[in-house]
Amino acid sequence: MNALKCPLKTVSLAALLLAANLALGDETFDVVVIGGSSGGIGAALGAARLDARVALVEDTPVLGGMLANGISNIDCYSYESLSGAFEEFRRAVQKHYAPLVEKDPFFKPWKKAPNHMDGRSFQANEPRLGGRWEPHVADAIWKAMAAKHPKLKVFYRRFATEVLKNGNRVVGVVTATEKGERLVLRAPVIVDATHEADIAAWAGVPYRVGREARSPLEPHAGQVFFFNNTGEFLPGSNGRQDRAVPSYGLRLCIQNYPADAGDAHILKTPPPGYNPKKFTHASYGGQPSMPNKKSEMNVNPVGNELQQINWVWPEATRVERKRLYETYKNNALAYLYYLQHEKKFTHLGLPKDEFADNGNVPYRIFVREARRIQGEATMTEADVNPFILGRGLEPPSQPTSVGIGHYPIDAKPVRPKTDVTKPDKGDGDFFLVNVAAAFQVPYGAMVPVGVDGLLVPVALSATHVAFSSVRMDPTWTVLGQAAGIAAAMSAKRGIAPRALPVDALQGELVKQKVKLAFFWDVDADRSDFEAIQLLAVRGAARANAERCFRPDDPLTRAEAAVMLYHAFGFWPSVSNAHFTDVPWSHTAFREIETLFDNGVLRALGVEPRWPAAGGYNAGKHAGFTQKHQFGAFEPDKPVTVAELCGMIRIIESRTVSSPGLAGPQIPALAASAGGEAKPLTRGEACRVVWEKLVVGKP
């Protein structure tokens, strides 16, 4: 599954210069992004905001990938997980449709109950909040965002044909148009934002296609039959791996026409291969699901999607993919014809104001999953399903996080549904709502093994099951933004992306309001957002069991101990249970005891016990007994500014984070009058600690 199945389309620099068929042009940039997908425009914006010279190559006339090609709602289970360029997009959609909100019933407030067992997660796509849009509106918004950056150059109706390499480093891409106009684009870093990882594959990056076998970290991997309504495996779920790919489809935009609109929108003849029996088990009501009485045709397993014929798509040539596109287009139009003529849904038709130069159908089919690269880190189901290695509803933390996502594991069928005696949707389909949890994506997942000068934020390194949750446009957009930022920073520093310090990348990400860790209550517009996020990826800013940070609550002594322990990288040191109110079962026991061993708690008035024993007394001190619990610590007592700064000063005085090696003794600080005596909030504490870590001033 990891072996390359197509010839490498790589050209050395010397060969290119000697070729008889020279390119018509040659341009150099800091970053070249191939693919105007949601990840591609995210990458271009991320790099351009660092003043990099950016080229974005898109083979259609629109930007945003599927967001401008038929996906017209937010695929996310919380507004609180949205961030970065995608959150900017959502707000722009909301602003665009604001004049209609009080006039059109489509925008009336929803009374939608959470459909997750946590009581608050739900599909975050309410129309009045910018959750739904028309394809041409999405395209216009992304183009307007791109136009704000004069150093960002977008090439439309152009596609990559070859990769240029110097050793194991990608240094450029050969592009062309349908007219044969060749253009070489060079850059220190290339971002492959295609759904198929074409650039990566041509450059020699190993990749996966298909489904992995069931394993301890992947209970839903391999061949699976699953009934979503009850959350149960069905017979035949053997977990075997294969090269099966989930279904694709042309996501038609459908207009609801009024009764007096005439019949110009009715398809007069069926597409090639039309068979009405094929759609017997399809269901599509056509009710408006986006503004201006339009709907998104998303019907599977039977409807506008097809399974199994797409298994060749990931490694197919451009010509082969164009043929498959026609097959998918005819299938979608056949379903529309069926609805109009067999179901008598004569009010449904293609919209006149969408895809006007393409027969009013999208320019691309929805490629949910194709190749997935092998990266420095590979995401598995255990990284998105919190009940494998996580804690409660929180998946394992990712210290190198460059973005978050929040969506159920949503795998689509890989074969046509033929057995209607069972209630499942076919081989490979499952939608795991109640294991959905906001997750983090590590930087290494977009850094390919063995090849430098390349980042892959869309077809990133993940198993099929993990990818089925990652592959949503809100997530892809911010991952693309992270890739663009990393590419620009690497280019300016003259280093390979894999050598870029992740903490530096994370620092720039939060400046662009990309969330690295999930909290229900930490908005990106908060003044303490950056500090909370950057401490969170270090394990120093932690959520409670409900995944709330409570930034405006007072910081307690126990919470301060946890924050300082992780922020300053203490070595664990537990020598005793020193406090009556901090037993070994206390959640902060290790951190409190470690700070005690290091003398840090002296800033809170907790002095060492040993001086009271005086000198060595054989009668008292020669034995092996050990006392414990010498008094109260008051772990829930609020911490003041003076106390937190005092603890930081003591930490600074130590040569290493290990007991017994203190520098000059610093007396405990008494609470002073004014601001220093005021209890700190958790958010304020994050700012104090982070400013000290970054600029050295508590």
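Readers should treat all values here as calculations from the given coordinates under stated rules, not as data from a laboratory. This one's a predicted model, so the numbers in the text were calculated from it and none came from an experiment. Note that we place each Cβ from the backbone using ideal geometry, even for glycine, and neighbour counts take in every protein chain shown.
Close amide H contacts of residue 164 (hydrogens built in the peptide plane, cut-off under 5 Å, sequence separation of 5 or more or a different chain): 11, 171, 172, 173, 174. In terms of surrounding Cβ atoms within a 10 Å radius of their Cβ, 357, 552, 427 rank from fewest to most as 357, 552, 427.
Taking other Cβ atoms within 10 Å as a rough exposure proxy, 133, 110 sort from fewest to most as 110, 133.
Taking the alpha-carbon centroid of each part, what is the distance from the range 413-479 to the range 204-267 in angstrom? That distance is 11 Å.
Three principal axis extents describe the C-alpha atoms of the chain; from largest down they are 103, 62, 53 Å.
When only Cα pairs below 8 angstrom with a gap of at least 6 residues are kept, the range 529-695 shows a relative contact order of 32 percent.
Can you pull a Stokes-Einstein diffusion coefficient for the range 529-695 at 10 °C (1.306 mPa s), Rh from Kirkwood over Cα pairs, as a whole number of µm²/s? Can you show the working numbers first?
Details: Rh = 16.7 Å.
So the translational diffusion coefficient is about 95 µm²/s.
Volume of the convex hull of the range 248-358 (Cα atoms only), normalised per residue: 115 Å³.
Based only on other Cβ atoms within 10 Å, what is the fewest-to-most ordering of 548, 686, 645?
Placing the least packed residue first, the sequence is 548, 645, 686.
Using the Cα centre as the reference, give the magnitude of the dipole from point charges on the C-beta atoms of the range 251-343 (Lys, Arg: +1; Asp, Glu: -1; all else neutral), rounded to the nearest 20 debye.
Details: 12 positive and 8 negative charges, 31 e Å.
About 140 debye.
Across the range 385-402, coupling constants 3J(HN,Hα) worked out from phi with the 6.51/-1.76/1.60 Karplus curve, θ = phi - 60°, read 8, x, 8, 9, 10, x, 10, x, 9, 10, x, x, 6, 10, x, 9, 3, 10 Hz, and Gly and Pro carry x.
The angle separating the long axis of helix 135-147 from the principal Cα axis of greatest extent in the chain is about 60 degrees.
Per residue, the chain reaches -7500 deg cm²/dmol at 222 nm when only DSSP H runs of four or more residues are counted, each adding -39500 (n - 2.57).
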